[in-house]
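Okay, so here's the structure we're looking at.
All of the numbers you see were taken from the coordinates with simple rules; none came from a lab. All figures in this text were calculated on a predicted structure; none of them were measured in a lab. When we count neighbours, we look across all protein chains shown, and the Cβ atoms used for this are built from the backbone with ideal geometry, even at glycine.
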Amino acid sequence: MDLPIFVLLTQDGVTNGAVYALLALALVLVFAVTRVIFVPSGEFVAYGTLTLAGLQLGKPPPTIGLLIGMASMAGAMEVVACIARGEARQIPRRIALWTGAPLALAAVSWWLATPDLPFWAQILVTLALVTPLGPLLYRIAYQPLAEASVLVLLIVSVAVHFALTGLGLWFFGAEGSRTPAFSSASFDLSGVTVSLQSLLVVITSLALIVAFYFFFGRTLYGKALRATALNRIGARLVGIAPNLAGSLTFALAVLLCGFAGVLIGPFTTVYYDSGFLVSLKGFVGAIIGGLVSYPAAAAGALLVGLLEAFASYWASAFKEVIVFTLIIPVLLWRSLTTHHHEEEE
Amino acid sequence: MHQRSLSTKLFAAVAACGLALTAQAQINVGVTLSATGPAASLGIPEKNTFELLPTTIGGQKVNWIVLDDGSDTTKAVTNTKKLISEDKVDVVVGSTITPNSLAMIDVVADAETPMISMAASARIVDPANPKTKWVFKTPQSDSLMADAIAIHMKANGVKTMGYIGFADGYGDGWLAEMRRSAQTAGIKIVGEEKYNRTDASVTGQVLKLVAANPDAILIAAAGTPGATPQKELAARNYKGKIYQTHGVANPDFLRVVGKDGNGTILPIGPMLVFEQLPDTNPLKKSSAEYIGKYEAKYGKDSRSTFGGHAWDAYLLLSSAIPEALKKAKPGTKEFRAALRDALENTKELVATHGVYTMTPSEHNGLDNRARTMIRIDNGKWVLAK
Amino acid sequence: MTPSRVALLAFLALLIAIPLVAPQFWVTLGNYVGLYSIVALGLVLLTGVAGQTSFGQAAFVGLGAYTTAVLSVQYAVSPWLSLCAGLVLTLALALCLGFITLRMKGHYLPLATIAWGISLYFLFGNVELLGGHTGLTGIPALNLFGLELRNERYFYFLIWGITLAALWATRNLLDSRPGRAVRALRGHLEMAEAFGVDAARLKIVVFVYAALLAAISGWLYAHLQRFVNPTPFGINQGIEYLFMAVVGGAGSVWGAVVGATLITLAKQLLQDYLPLILGKSGNFEIVVFGILMVVLLQRARDGVWPWIARLVPAAKPPRLADAPPLPLRPQPSITTGTLLDVRAAHKAFGGLVAVNNLSFAIQRGEILGLIGPNGAGKSTMFNLISGALEPTSGDILYDGESIAGSLPYEIARRGVGRTFQHVKLVPAMSVLDNVALGAYLRGTAGVVAAAFALDRAEEARTKAEAARAIGRVGLAPHLHDAAGSLPLGKQRIVEIARALAADPALLLLDEPAAGLRFLEKQELASLLRQLKGEGMTVLLVEHDMDFVMGLTDRLVVMEFGQKLAEGLPAEIQSNPAVLEAYLGGVA
């Protein structure tokens, strides 16, 4: 292997690793606040890319249908809950929030989805369509189970993953799509071409990691969000609304995932079921971070990306075997060195 | 008066029996295919094709029962067992992919029910033995197509080649065949790489192949994932010839591969470019009929070679069923045996992918008429020379 | 004939009826349900009870399937022999993997199981010998006493015979000495280790057990389908097995069967009827399936089995037979004199010194009280003695031998029993079972003996012993109640009963009187005096001064990690330093 190849492989590994890092961020975020292991994160990555691809073709993307469907379901659930609690007066406000707002968003997106919509606007519309799916998903699937054990929440995540994958196949078809890059510029770095797009991906991930680290570690609101995961009643007693925390977290996480989808679209063909393996690799990164630490999660994701790139050069048939076998000693090391607080079930 | 009313009653009774018999004499065809899961891009066109099929053959009502097996072997076997024991099918069509089809062989052989597979590997029907005597298949074997590639390569002065393909049954099958064909044609394989359908990048694999600098590279993939190595090769400025397989012959591939696909060569069943075939080619008419129906319902350029495999299965059945009906009633063991015999006796049946001639030792039945080389020119499929 | 027995017989009758009279396809489905149940059963034990989430069971199924495929196809080995080979191979691999992965705590473990699940899947697919991704055909049918099991109806009996045997074995296992230990593994590791459970070893044993069950299922699968390829052994199937266990009810062995049945039937029904409702052109089964599962879990967090179990009124627990007592623990060699000697024990957490060169001794047969204000370091000292923490320096001698830095179960083995400041009972287990856990070190039954019900004699003795201990502390009416249903005060007493069941020579009690009413405290005090009369040595950490002064022989007072005073209760009560620091100052 000579230097140019080494550099290319490293660039590939770092770029992919940066995308996995975004997913790892989302996973750590969701777990830290809601104790949910967010398996469907990959689906939202795919939805991001494929929605943008749909807009590129000048047609209203199928995501609008999903948004409408979920908004209706959430609205219905809110009505039932309000009646059960005897708060029928709250119903109009609730419906406006959970159904009205998403429907308005859907309508605007429909109207905007024309072939002459500029690229940056298409990205905004994509994010605007995908992000609300997060809080809606939380409301429909996870909020009723907020006190359940981590295992049950994990199984629910798996079920949601099945449903979203199936919906993805129905909406976007079995074939994949690519999206245009933000910029096709590239420049020379000691004889090797580095594309601006890859650099953008890496820089965005880094910026987000740093932002999250500070937000959750240093700001009061961030710490409040973390507190809800450990003790919901305690959080409510000090004035934190756990449901609001959960919804916001999911919104943020799905925004991250959708954005990751927009970022990887230029490099890869994305399919309705690409998401699972991508989120799995993000999961590896998140676990290496102990599901608490953002920098460690990002480092772990980067490690996976690099391992993958080099393994695919050396022995492509056994690439997965190599990556996943080498992860085990890393996990072992992390497990032994972190002080683990045993879960009280 | 007395006699006439008696004979009228008798006539009515006989007619009623006859009607009842014909009413029960519907033919059940069970289909299991992979409309979801990794092989969805192959199975969906097949499923679409089954929805176009007529509901009578040879004057008998035909009931098409289509099930999805999600690209999973266990499900394919379960579906087959259900079709045989619950729906009492006379013939099983499926599955879309080789592992599923291989798993089904034992089941259909035990139930003495004929099976027409839509999967590629020759292993499904070879070697001839008491089990595979019940199994037929419509797609061209990988070996037929691999030979076509090797011949084309040799004719164009290719001495060394590289391979990159799926890490699954499709890729494995192609690699095995290509190794054999290349050796026969005196072409050396200098690099073998594998990748997964959903892989985000194939940089490592492509770098390694390009470093070996072969004259040509074969990409063995199905559907749009075939574009991933191709675009990477273009990014690496690879200047050699690029060959693909019939798995990518669908419009989505063209959409994704874009400009980077120009000049790619692949062997396919002629149906894909039937408009460019000479009128003397018998496949032109049959392909026109099928593709006309398909595109009328599913849109222009939605044609897929995989759908053709399903249509060819229908054509085989439409020629074999009338023969079998002469010997037995549908729903009986004898009918299934007769159907099997009739399928095995198919001679010069003009279908969309080729002309089928079956024998006891040849249950695929295709020859060189079932393949042609095409090239991508400016985002379109064009007959290659 | 109890209702639950009737239900069981009805189930068995249904099971047998299927291959005899039902349509062929029902038999097909029944076979698959049986195969999946076997794997799900292992998961119930591993994940539901022991709390180790595993997504990798499908890989072990693959191991069992491929072993028999390769051996019987390529080398014409008899399938029964290849079953043994598969089990041996699985045992070896599970030991290796378990040794590495089970050291991981928390969320590292599930990911590690995913990791090796994926690795094994790709290994299966890439090795030529195993047929690659295309698979291996021509696996022979099983031959049972000359009867070739080609027919699914015959195979059904084999599959369900094995499933029922596995159910029986697992049920036995859960209601046995190792079973109680496994049930304590989840969330009560520290407590279990304090009673002598080698948690690390037990986790690996449970892991291997689950892996062996999976391998058996794989062997059956290979000979049922007579074809293998990697697809059924990938991560998706691994997820599905876990799904079945959780949806069915991961806390009970019947949950495995319920889960497998429910998921298999749901998928089949969806495939049959959904196209009629939603039209043929889509493929919505998986979507509807996912949504249904979410709704199900929202309604039934613990799975479906608890619902079903409620329909059948619970059987009254069997009367405990009178059984001879378990062998007593060996007594310490010292009959009089210092039993526990704390020599300059020192514990620092970073910059914070919790125990500062503390020295005291406990004489054989005395009740020593350890008191002090909050934050004095009493609990830390307590944990140093019981082995939960390791001293930074200094030594602790028990019966003349150093126990500083020993692991909790090693110290337990020496004859030290303890209770906990925060009650650590397994809430779902009965009081009897919780106390029986205390007698862990007095029994020897292992997992194999337990599974095959060879331990029934010892089990009877253990249960009788536990019942005796419960009777001594006055909780006999609550013998079969769930420990979590008792009020906190009574739970503390259960902890004492548990400690007694271990037949200790030294009893460490951490605030036993907290939460007890006056009369209960008096009963506890008289119980402790009675124990002392029988030769027990007791170290007591307590806040209730009346309780302590009236009960203890001597007192050690701690403040800021150091010994403030030591002596008879009367002396301590008039010690000015103690009065100032702790008892409220001189009036």
Over chain A: helical MRE at 222 nm, DSSP H runs n ≥ 4 each giving -39500 (n - 2.57), nearest 500: -23500 deg cm²/dmol
At what distance in angstrom do the alpha carbon centres of the range A:90-137 and the range B:301-374 lie from each other? 51 Å
Peptide C:218-231: average number of partner chain Cβ atoms within 10 Å per residue? 4
Once you average over the residues of A:268-275, how many Cβ atoms of partner chains fall within 10 Å of each Cβ? 6
Taking alpha-carbon centroids only, the range A:250-299 lies from the range C:460-532 a number of Å equal to 52 Å
Can you work out the PRE-style zone for residue B:328? Point 7 Å along Cα to Cβ, and I want the residues of the range B:101-127 with backbone N under 13 Å. B:111-115
For peptides B:281-288, B:77-84, C:522-529, sequence by mean Cβ density within 10 Å, most packed first: B:77-84, B:281-288, C:522-529
For the protein assembly as shown, the Cα convex hull volume per residue in Å³ comes to 231 Å³
Kindly state, as a whole number, the per residue volume in cubic angstrom of the convex hull around the alpha carbon atoms of the range A:225-277. 93 Å³
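Over 29 Å between Cα atoms: which of B:297/B:380; B:81/B:326; B:137/B:239; B:154/B:239 fall into that group?
Long pairs (Cα-Cα over 29 Å): B:137/B:239.
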Run through every distinct alpha carbon pair of chain B and return the Kirkwood hydrodynamic radius in angstroms, one decimal place. 21.8 Å
How much of the DSSP beta bridge set in the protein assembly as shown is antiparallel, as a percent to the nearest 5? 45 percent
Vicinal HN-Hα couplings computed from phi for the range A:18-25 (Karplus, 6.51 cos²θ - 1.76 cosθ + 1.60; Hz; Gly/Pro x): 5, 5, 4, 5, 4, 5, 4, 4
Relative packing of A:109-120, A:36-47, which averages over residues the other C-beta atoms within 10 Å, highest first: A:36-47, A:109-120
How much length is gained on full extension from residue C:8 to residue C:395, taking 0.36 nm per residue of separation minus their Cα-Cα distance? 133.6 nm
With label points set 7 Å from each Cα along the Cα-to-Cβ direction at residue A:111 and residue A:193, the distance between them in nm comes to 4.3 nm
How far is it, in nm, from the label point at residue B:377 to the one at residue A:219 when both lie 7 Å from their Cα along the line to the Cβ? 6.0 nm
Roughly speaking, what is the centre-to-centre gap between the range B:27-69 and the range C:219-252 when only Cα atoms are used, to the nearest Å? 28 Å
Hey, any idea what the orientation-averaged projected area of the convex hull of the range C:218-278's Cα atoms comes to, in nm²? 5.5 nm²
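Between residue C:335 and residue C:523, what FRET efficiency comes out of the Förster formula 1/(1 + (r/R0)^6) with R0 = 45 Å and r the beta carbon distance, rounded to 0.05?
Given R0 = 45 Å and the Cβ-Cβ separation, E is 0.95.
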Helical contribution to [θ] at 222 nm, DSSP H n ≥ 4, -39,500 (n - 2.57), averaged over chain C, rounded to 500: -17500 deg cm²/dmol
Dipole check, the protein assembly as shown, charges on Cβ (K,R +1; D,E -1), about Cα centroid: among C:298, A:57, B:189 the Cα furthest to the positive pole belongs to A:57
Within 10 Å of each Cβ of B:201-213, how many other protein chain Cβ atoms are there on average? 6
Calculated FRET efficiency for the pair residue C:129/residue C:100, C-beta based, R₀ 30 Å, to 0.05: 0.75
Using modelled backbone amide H atoms (1.01 Å from N, in-plane), which distant-in-sequence or interchain residues come within less than 5 Å of residue C:562's amide H? C:356
Taking R0 as 60 Å and r as the Cβ-Cβ distance between residue C:456 and residue C:153, the FRET efficiency 1/(1 + (r/R0)^6), rounded to the nearest 0.05, comes to 0.95
Report the relative contact order of chain B, percent, no decimals, based on alpha-carbon pairs under 8 angstrom and at least 6 residues apart. 16 percent
How long are the three semi-axes of the equivalent ellipsoid of the range B:159-220, in whole Å, if each is the root of 5 times an eigenvalue of the C-alpha gyration tensor, listed from largest down? 19, 15, 6
Could you check the spin-label model distance between residue C:311 and residue C:75? Points 7 Å from the Cα along Cα→Cβ, value in nm. 4.8 nm
